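Participant: Pasting a structure below so you can have a look.
The values are calculated or read from the model by the stated rules, or taken from the named source; none is laboratory data. Owing to the predicted nature of the structure, the values given are computational and were not obtained by experimental measurement. In this analysis, Cβ positions are derived from the backbone assuming ideal geometry, glycine residues included, and neighbour counts consider all displayed protein chains.
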Amino acid sequence: MPSTVIVGAQWGDEGKGKVVDLLAEHADMVVRFQGGNNAGHTIIRDGETFKFHLIPSGILYPDVTSVIGNGVVVDPSVLIEELEGLRRRGIDTAGLRISANAHLIMPYHVMLDTAGEAKLGKLEIGTTKRGIGPCYADKAFRLGIRVQDLLDGKILRKKIAAALEPKQQMLRPFARDPRLDLHAMTEEYLRYGHRLEPHIADTARLCWEGLDSGKQLIFEGAQATMLDLDHGTYPFVTSSNPVAGAACVGAGIGPSDIDEVWGVAKAYATRVGAGPFPTELDDELGARLRELGGEVGTTTGRDRRVGWLDLVALRYAVRLNAMSALAITKLDVLAGTDPIKVAVRYRSSEGAVLNDFPWHQSILHTAEAEYEELPGFEGDIGDCRSESELPKEARDYLRFVEEAAGVPIRLVGVGPGRDQVVWTGESSRQLRAA
Ligand code: IMP
């Protein structure tokens with residue numbers, strides 16, 4: 001397996017964690033390149049459930065180096081909690097490496113996120129309120145505090161003081177909050193620095209060393225294409241770039257270091273938070289799929305909005321990421337739904353046919369999805385391990401998606417368990433040969 005970027009092809013929560021976990025078994029390094037603890041992924045291993053927000057899924061393999069790249073925004077208290085949680089369960093975390101250049105989420109970022117959403121009122125984005133946007137804003141504003149600053153008390157205090165000053169005005173409602181005390185904050189972050197010091201490293205160099213010595217690297221994206229700050233449904237997006245191109249910036253590698261890009265999409269679609277979602281099922285069927293798919297956010301516990309698979313958005317994501325393959329997750333959730341619909345085009349409010357994802361927000365907000373209906377399939381497919389064991393209608397569904405997307409489906413999820421997957425086409429041939 002060459003160096004591979006794994007990205008979400010929809011609005012997030014596609015099950016990237018499971019795909020990364022499966023591919024990580026054959027990898028040497030897993031590198032996260034953007035986002036923060038707004039992400040959340042669940043991995044079920046030997047009946048044990050692991051939930052991660054910051055630490056890459058590779059941590060469960062003792063021989064895989066897990067890396068938090070420079071493009072990630074790190075809430076040190078969350079990271080330390082995850083490290084402690086893993087330690088308590090006997091998982092060795094000594095190999096985790098955190099980029100010295102990654103930016104830190106500070107208490108005022110979390111407060112600004114909450115205050116910002118409250119101010120927007122009905123126009124709120126529905127953020128995870130983890131301080132992600134304000135942290136990336138400070139990074140661009142050059143007022144950010146970086147992981148390396150934790151190792152120098154004098155610099156840390158100076159930088160916090162500089163960053164805090166302009167926040168005082170914005171955070172009037174929090175003026176008396178002890179979390180905004182410069183001295184207490186500096187001391188708290190120095191303690192975090194002390195705890196994290198053995199993990200802090202020049203992670204771009206680690207990636208180069210790995211790539212130059214022929215190691216297998218996985219670059220793990222968080223969130224997803226349609227939540228990309230530049231290419232998603234702005235402003236209803238996250239504040240980083242979850243597209244594959246961002247793996248270069250967020251890990252410190254060049255485009256020619258990447259061999260493959262895998263996109264992960266559910267067999268249907270979900271979205272958390274506000275923003276356009278042309279295939280949304282605001283009805284009983286949507287509620288049923290939400291129930292069957294356990295569509296509740298890992299990070300915020302919010303119900304996810306549910307809809308049909310949107311091939312207009314998926315084709316856009318395939319091109320934008322120059323995907324070489326797709327992994328389709330949660331196919332089992334569609335069992336018993338007949339017919340299965342997939343959006344093949346949109347129609348604008350003026351009646352125009354839109355085969356491509358519209359670039360103008362006003363058009364997207366009012367466009368309606370038009371569907372192709374495919375026959376559904378019955379029964380539990382959770383025990384299927386090869387394509388031929390899947391019901392014919394399920395195989396036809398996959399072929400339809402593959403042809404529309406224009407890239408091969410290499411992996412299909414048929415249940416929550418780690419082994420509940422069907423490797424398809426090229427991948428299954430490689431597995432048989434191995
Ligand atoms: P933020 O990333 O917390 O600023 O939230 C911005 C938007 O991205 C909101 O609509 C969130 O619900 C969404 N979002 C952020 N992280 C995730 C994720 O991991 N999965 C799905 N949606 C996410």
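Participant: Counting only residues that are touching a Cys at 6+ places or on another chain (Cβ under 8 Å) and over 18 Å from Glu81 (Cβ atoms), give me the strands (runs of 3 or more DSSP E) lying completely in segment 25-65 with at least 2 of them.
Facilitator: In segment 25-65, 29-32 are the strands (runs of 3 or more DSSP E) which contain 2 or more residues that are touching a Cys at 6+ places or on another chain (Cβ under 8 Å) and over 18 Å from Glu81 (Cβ atoms).
Participant: Yes or no: Ala269 within 12 Å of the ligand (Cβ to nearest atom) and at pLDDT 95 or above?
Facilitator: The answer is yes for Ala269.
Participant: Only one of Leu180, Leu171, Leu229 is under 14 Å from Gln34 (Cα atoms) and surrounded by fewer than 22 Cβ atoms within 10 Å (Cβ to Cβ). Can you tell me which?
Facilitator: Leu229
Participant: Residue by residue through segment 77-128, note down the ones that are outside any helix (DSSP H, G or I), within 13 Å of the ligand (Cβ to nearest atom) and under 21 Å from Ile160 (Cα atoms). Let's see the steps before the verdict.
Facilitator: Initial filter on segment 77-128 (outside any helix (DSSP H, G or I)): 89-106, 124-128.
So of that shortlist, the ones also within 13 Å of the ligand (Cβ to nearest atom) come out as 105, 124-128.
Selection gives Ile105 alone.
Participant: Pairs, please: C-beta under 7 Å, at least 6 apart or cross-chain, first residue at positive phi and in segment 32-46, second crowded, with 24+ Cβ neighbours inside 10 Å?
Facilitator: Close Cβ pairs (under 7 Å, with a partner that is crowded, with 24+ Cβ neighbours inside 10 Å) amount to Gly35/Val72; Gly35/Ala222; Gly35/Gln223; Gly35/Thr238; Gly35/Ser240; Gly35/Pro242.
Participant: With the checklist (1) within 25 Å of the chain's Cα centre (by Cα); (2) crowded, with 20+ Cβ neighbours inside 10 Å in hand, flag the one item Gly417 doesn't pass.
Facilitator: With (1) within 25 Å of the chain's Cα centre (by Cα); (2) crowded, with 20+ Cβ neighbours inside 10 Å applied to Gly417, the lone miss is (2).
Participant: Answer yes or no as to whether Leu60 is modelled with pLDDT under 95, more than 13 Å from the ligand (Cβ to nearest atom) and of a type in the set (A, V, I, L, M).
Facilitator: Details: modelled with pLDDT under 95: yes; more than 13 Å from the ligand (Cβ to nearest atom): yes; of a type in the set (A, V, I, L, M): yes.
When the stated conditions are applied, Leu60 passes them.
Participant: Name the residue that is nearest to the ligand (Cβ to nearest atom), counting only residues in segment 314-348 that are out of contact with any strand residue (DSSP E or B) (no Cβ under 8 Å at 6 or more places or on another chain) and small (Gly, Ala, Ser).
Facilitator: Ala335
Participant: Turning to a different aspect of this structure: Could you list all residues from segment 362-420 that are in contact with a strand residue (DSSP E or B) (Cβ under 8 Å, 6 or more places away or on another chain) and of a type in the set (Lys, Arg)?
Facilitator: Correct list: Arg385, Arg410, Arg418.
Participant: Only one of these is touching a Phe, Trp or Tyr at 6+ places or on another chain (Cβ under 8 Å), more than 16 Å from the ligand (Cβ to nearest atom), assigned to a helix (DSSP H, G or I) and over 24 Å from Ile258 (Cα atoms): Ala184, Ala163. Name it.
Facilitator: Details: Ala184 fails: touching a Phe, Trp or Tyr at 6+ places or on another chain (Cβ under 8 Å).
Exactly one of Ala184, Ala163 is touching a Phe, Trp or Tyr at 6+ places or on another chain (Cβ under 8 Å), more than 16 Å from the ligand (Cβ to nearest atom), assigned to a helix (DSSP H, G or I) and over 24 Å from Ile258 (Cα atoms), namely Ala163.
Participant: Part of a strand (DSSP E or B), near the ligand (Cβ under 10 Å from one of its atoms), within 14 Å of the chain's Cα centre (by Cα) and of a type in the set (S, T, N, Q), is that true of Thr238?
Facilitator: In short, no.
Participant: Let me ask something else. Please enumerate the residues belonging to segment 208-220 that are under 14 Å from Val7 (Cα atoms) and either acidic (Asp, Glu) or near the ligand (Cβ under 10 Å from one of its atoms) (or both).
Facilitator: Selection gives Glu220 alone.
Participant: On to the next question. I need every pair where a residue in segment 221-237 that is under 18 Å from Arg319 (Cα atoms) and among the charged types (D, E, K, R) has its Cβ under 9 Å from the Cβ of a residue that is near the ligand (Cβ under 10 Å from one of its atoms) and in a loop (DSSP other than H, G, I, E, B), sequence separation at least 6 or different chains.
Facilitator: As it stands, the answer is Asp228/Val237; Asp228/Thr238; Asp228/Ser240; Asp228/Pro242; Asp230/Val237, since those pairs meet every condition given.
Participant: Identify, from the list Arg205, Arg191, the residue that is among the basic types (Lys, Arg), more than 10 Å from the ligand (Cβ to nearest atom) and over 16 Å from Thr65 (Cα atoms).
Facilitator: Arg191
Participant: Taking segment 1-18 as the region of interest, how many residues are modelled with pLDDT under 95 and outside any loop (DSSP other than H, G, I, E, B)?
Facilitator: Counting residues in segment 1-18 that are modelled with pLDDT under 95 and outside any loop (DSSP other than H, G, I, E, B) gives 3.
Participant: Let me ask you something else. So Leu143 ticks every box in (1) of a type outside the set (Asp, Glu); (2) in contact with a strand residue (DSSP E or B) (Cβ under 6 Å, 6 or more places away or on another chain); (3) more than 15 Å from the ligand (Cβ to nearest atom) but one. Which box is left unticked?
Facilitator: All conditions pass for Leu143, except number (2).
Participant: For His26, work out the one condition from (1) more than 19 Å from Gln420 (Cβ to Cβ); (2) more than 10 Å from the ligand (Cβ to nearest atom); (3) surrounded by fewer than 24 Cβ atoms within 10 Å (Cβ to Cβ) it doesn't fulfil.
Facilitator: Just one mismatch for His26, condition (1).
Participant: If only one of Ser324, Ser348 is modelled with pLDDT of 95 or more, touching a helix residue (DSSP H, G or I) at 6+ places or on another chain (Cβ under 7 Å) and of a type in the set (Ser, Thr, Tyr), which one is it?
Facilitator: Ser348
Participant: Would you pick out the residues in segment 241-262 that are within 16 Å of the ligand (Cβ to nearest atom), in contact with an Asp or Glu (Cβ under 9 Å, 6 or more places away or on another chain) and in a helix (DSSP H, G or I)? It would help to see each step written out before you state the result.
Facilitator: Going residue by residue through segment 241-262, those that are within 16 Å of the ligand (Cβ to nearest atom) are 241-243, 246, 250.
Filter once more, keeping what is in contact with an Asp or Glu (Cβ under 9 Å, 6 or more places away or on another chain): 241-243, 246.
Result: Ala246, single match.
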